[in-house]
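No value in this document is a laboratory result; all are computed from the given coordinates. The shown structure was predicted, so the numbers you read here are calculated from the model rather than taken from an experiment. Here Cβ is always computed from backbone atoms with ideal geometry, including for glycine, and neighbour counts include all displayed protein chains.
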Amino acid sequence: MDLVLVGAGNRGHLAYGAYAERHPDKARFVAVVEPDDGRRARFGEAHGIPADRRFSSWEELGARPQLAPALVNATMDRTHRPSTLALLAAGYDILLEKPIATTPEECVEIVEAAESRGGLLQIAHVLRYAPFFVKIRDAVTSGRLGEIVSVDWRENLVYWHFAHSYVRGNWANSQRAGPMILTKCCHDLDLLVWLFGACDRLSSFGSLTHFTRDRVGPEIPDRCTDGCPIADACLYFAPRVYLDRLRENPRSFAVAAVSLDRAPEGVMRALETGPYGRCVYRCDNDVVDHQVVLMRFGQGLSVSLTMQGTSHVEGRTVRIDDPHPGFRQASHGRFHVRRRPRAVEVPLAIRRDRGSDRGADRPDHGRYPRGRVHRDRGGHPSGTHDLAGGRPRDHPDHPAAQPARLLRAQHLCES
Ligand SMILES: NC(=O)c1ccc[n+]([C@@H]2O[C@H](COP(=O)([O-])OP(=O)(O)OC[C@H]3O[C@@H](n4cnc5c(N)ncnc54)[C@H](O)[C@@H]3O)[C@@H](O)[C@H]2O)c1
């Protein structure tokens, strides 16, 4: 399928661009819109896009006869509304990055514009396709988990990722992006509604407690690279954070945001002048660094969602309880089931997935190593998916087909 990419930043280049490079039979980018010269050239060259199809604004693209049936809108959150409305009007079907927009009114406006035109608008809530969550949904909707009374859902963000995105980076300031519960947890709220139907009540608390100016003394410079006296002890010392990421993974999304030049010297130069070299206690961040949401779903189901941004390890964890002793818990690629008198651990198929955003963009995920067979307390091998017990909960109709539910999830984030 021919596509246009609007916004050739991290998501556009590393997720969609990389997908098209791996699967030229499925997706081919024939034009790109990106105001940053370096990013536009990088994407244009990687996809063989001729110079007259490389644009620096969506207005330029909209003024041209349609170049493809559909486009991917991977611009930042606050430009989703104007760009999507303009490009729907220009005739494109659109895959729009999450969140749809930053207010409920804008979400409704975008969906209504797509509906009135009869065009296709899809939102990249990609975790609905991640094997980890597909497995959980299979277990919930099949009734194998029995009657569910409570769910503890955690989004654990590894400390450097939180600092990268929500202290130094794109989503640090609610005026430039939106509240953290929307920009990060719209995935989780979408998944919860997808799994359990409509939420009828909620309350929420969160605050910014760690990444504040008063955490360090006046001797700490604004930039890590300006001779910080606590560089060795500080977990967030930027040169170490980004050079470690570069060593771990030359295609690291974090390093890609810092600099187009991935040589260590290029990364260091960018840290000396750019936003990612700033001291985490000296930024203009105002979004919370932890938040909890308590929700009531149908039939008395109680759900808690916790996001915390100082985790030692990245990944979501889910614990699901029924009225009987024992619980089911999913994390790190495994679905643990504890039921008296027996205990089993049920391996999920994909260990790489780990309840993170990874895996969802990879239709070729089947090549990853499959989960190990775990053993119960008696040492017997167990790979069973028979989580029998209890009564299947009536599941609401398929929310994936209902934009209103998506909107409701985003509305909840806003509230
Ligand atoms: N689905 C997911 O799991 C997921 C993961 C990460 C990010 N996202 C979403 O993807 C979007 C992009 O995030 P990102 O990390 O790639 O940010 P980014 O800053 O790396 O990329 C955004 C790009 O848009 C470009 N841009 C700015 N104005 C533009 C314009 N007028 N026309 C075209 N392009 C323009 C910027 O120059 C930049 O290159 C965000 O909405 C984010 O929430 C989704």
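With contacts taken as Cα pairs under 8 Å at a separation of at least 6 residues, the stretch 218-277 carries a relative contact order of 30 percent.
Taking a sphere under 13 Å around the Cβ of Val288 and counting the other residues whose Cβ falls inside, with K and R at +1 and D and E at -1, yields a net charge of -2.
Using the Cβ of Ser252 as centre and a radius below 12 Å, the other residues enclosed give a net charge of +2, where K and R count +1 and D and E count -1. Residue order for Leu195, Leu120, Leu301, Leu71, fewest other beta carbons within 10 angstrom first, comes to Leu120, Leu301, Leu195, Leu71. Can you bin the stretch 35-83 into rounded, prolate or oblate? Criterion: square roots of the alpha carbon gyration tensor eigenvalues sorted a ≥ b ≥ c, rounded for a/c under 1.5, prolate for a/b above b/c, oblate for the rest. Here the stretch 35-83 falls in the oblate category. What shape does the stretch 2-125 have by the C-alpha gyration tensor, where a ≥ b ≥ c are the square roots of the eigenvalues, rounded means a/c under 1.5, and otherwise prolate means a/b greater than b/c and oblate the rest? Prolate. Ordering His312, His290 from the fewest to the most neighbouring beta carbons within 10 Å gives His312, His290.
The packing ranking, built from the mean of other Cβ atoms within 10 Å per residue, places the peptides 171-178, 96-103 in the order 96-103, 171-178, highest first. Ordering Lys26, Lys135 from the fewest to the most neighbouring beta carbons within 10 Å gives Lys26, Lys135.
Label positions at Ala89 and Asp261, each projected 7 Å from the Cα along the C-beta direction, are separated by 4.1 nm. Using Cα centres only, tell me the gap between the stretch 61-127 and the stretch 183-261 in whole Å. Here the two parts' Cα centres lie 28 Å apart. Below 17 Å, Cα to Cα, which lysines can Lys98 reach? Residues fewer than 8 away in the same chain don't count. The qualifying lysines are Lys184. For the stretch 161-177, putting each phi into the Karplus relation 6.51 cos²θ - 1.76 cosθ + 1.60 with θ = phi - 60° gives couplings of 5, 4, 4, 4, 8, 10, 10, 9, x, 3, 10, 6, 10, 5, 6, 7, 10 Hz, in residue order, rounded to whole numbers and with x for Gly and Pro.
Mind running the shape call on the stretch 89-175? Use the C-alpha gyration tensor, a ≥ b ≥ c as the square roots of the eigenvalues: rounded below 1.5 for a/c, prolate if a/b tops b/c, oblate otherwise. Judged from the Cα gyration tensor, the stretch 89-175 comes out oblate (a/c at least 1.5, b/c at or above a/b).
Stretched out straight at 0.36 nm per residue, the stretch from Val292 to Arg240 would grow longer than its current Cα-Cα span by 15.7 nm.
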